[in-house]
Amino acid sequence: MVANVCNFSETARKDVFTDKGVYYGRVTDISLDLDRFKVKALIVDAVRGSHLASIVGDKKGVVVPYSIVKSVGDIIIIKHVTPVSADREEPAEEAMA
């Protein structure tokens, strides 16, 4: 099994973008699953003016599940996520289709 390994210092402070090119923020920490030796999540600060800031405000330490990470290189690319509004309801017929 091939494993890609990089140091925390190489990942911290990297910019995070979605696969649609939308800026999300900057990595500040990593959450690890030490039992399985895997990364569970990236901890991202919502930088002012970023898409993430428009969703959660000026929050620090937003948990981004590693399952949506698509690529780690000079920048980190994640799957684009659109928040679902709680007040948005679908008619029963459309929900069944």
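Read-outs throughout are calculated quantities, based only on the coordinates presented, and are distinct from any laboratory measurement. Quick caveat: nothing in here was measured; it's all calculated off a predicted structure. Cβ: placed from backbone, ideal geometry, glycine included. Neighbour counts: every protein chain shown.
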* Asked: Packing-wise, with mean Cβ within 10 Å as the measure, how do 7-20, 28-41 rank, highest first?
  -> 7-20, 28-41
* Structure fact -> The answer for the net charge of residues other than His80 whose Cβ lies under 12 angstrom from its Cβ, with Lys and Arg +1 and Asp and Glu -1, is +2
* Asked: Listed here are the pairs Lys20/Lys60; Lys14/Lys79; Lys40/Lys79; Lys14/Lys38; which of them are more than 21 Å apart at the Cα?
  -> Lys20/Lys60
* Which residues' amide hydrogens lie under 5 Å from the amide hydrogen of Lys40, considering only partners 5 or more residues apart or on another chain, with H built in the peptide plane? -> Ser31, Leu32, Asp33
* Structure fact -> Env charge @ Asp19, Cβ radius under 9 Å, K,R +1 / D,E -1, value +3
* Structure fact -> Here the range 8-82 gives, from Cα atoms, an Rg and Dmax in Å of 11.6, 37
